[in-house]
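Report on the structure given below.
The values are calculated or read from the model by the stated rules, or taken from the named source; none is laboratory data. Keep in mind the model is a prediction, meaning the values are calculated, not measured. No Cβ is skipped: glycine too gets one built from the backbone with ideal geometry, and neighbour counts run over all protein chains shown. Quick note on the areas: whole protein, heavy atoms, side chains included, nothing else; ligands and nucleic acids left out. Shrake-Rupley method; radii C 1.70, N 1.55, O 1.52, S 1.80 Å.
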Amino acid sequence: MSKLLDIDINEQLLEILGQFDMQLEKVDDYYFVDGVFPGVAAQAFEMERFENSVVVQVDVHVLLPKQSFVESFVGHAGTVEESIAEAFEQFEVNVLHTLIMAFWDKAKRVENGIGTDIWEINGHKWQAVISNYGYRGEQPLDEVIDDSDAMFEEVEKAIKALPLEKDIYAVRSVYTNIGNGKHVTEALINNEEFFDLEKAISELNWKNTESYYSVRNLVLLMKLAPES
């Protein structure tokens with residue numbers, strides 16, 4: 001059973017954000033860059049403890065004007081501190097750069113594989129900010145799936161089939177090969193289950209291996225104002 005750790009991990013979050021030359025201010029429980037949305041905050045949970053290691057989940061909350069979403073990362077290491085650091089490393093690689101590209105124009109940018117595109121859906125134009133794959137595994141990515149673009153393609157197809165009534169969407173998808181023939185697929189849109197996308201990703205030609213691997217992707221979709 002998970003328990004909230006009595007540790008304020010926002011100090012680590014601020015250290016990571018500070019590497020990208022962002023000026024931060026705290027309002028209530030969230031930190032804002034240059035005083036504008038989104039706000040961010042983090043907390044950690046102990047999920048499981050073993051004799052020589054501990055599993056920790058770090059939740060990064062992203063607050064928008066009319067909604068919010070949470071990105072969760074799991075670290076497994078010898079100590080709580082090491083597990084938190086491992087989880088934050090995943091956040092930085094897979095999500096932080098996507099947030100910077102989508103919302104924080106003044107932040108320092110690095111080569112990170114983030115893509116942007118304009119999609120037309122239901123007669124409206126949307127900006128899609130697409131993260132690189134957050135990959136964890138012993139084998140190279142192209143050895144666990146024949147076509148590394150296949151997951152991106154399924155995400156785009158599933159999003160474009162939606163009615164899209166809000167202005168901003170966060171679509172997270174994760175495929176995890178646990179081993180022993182077991183795997184877990186998760187697809188969320190604004191933290192609600194996205195069953196069609198989950199099914200499509202689970203049916204891709206993933207390699208069934210005995211070793212653990214995980215592939216993660218985040219798409220931020222933002223409705224663009226009509227051209228005048």
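What per residue convex hull volume, in Å³, comes out for the chain when only alpha-carbon positions are used? Please report the intermediate quantities before stating the final value.
Values: hull volume 32.6 nm³, N = 228.
Output value, Cα hull per residue: 143 Å³.
Which order do you get for MET222, MET47, MET101 if you rank them by accessible area with a 1.4 Å probe, largest at the top?
On the way: MET222 20, MET47 70, MET101 50 Å².
Largest accessible area first, the list is MET47, MET101, MET222.
Please work out how much length the chain gains when fully extended from ASP167 to VAL70, using 0.36 nm per residue of separation minus the C-alpha to C-alpha distance, in nm with one decimal.
On the way: separation 97, 0.36 × 97 = 34.92 nm, distance 1.71 nm.
Contour length minus Cα-Cα distance gives 33.2 nm.
Which value results when the Cα radius of gyration for segment 20-153 is divided by 2.2 N^0.38 Å? Don't skip to the answer; put the middle values down first.
Numbers: Rg = 17.1 Å, N = 134, 2.2 N^0.38 = 14.1 Å.
Here the answer is 1.21, to two decimals.
So how much accessible area does LYS26 have, in Å² to the nearest 10, using a 1.4 Å probe?
The accessible area of LYS26 comes to roughly 120 Å².
Counting C-alpha atoms alone, how compact is segment 57-109: give Rg to one decimal and Dmax as a whole number, in angstrom.
Here Rg and the maximum Cα pair distance are 12.8, 39 Å.
Can you compute the modelled spin-label distance between ALA150 and GLU210, with each label point 7 Å from Cα toward Cβ, in nm?
2.4 nm
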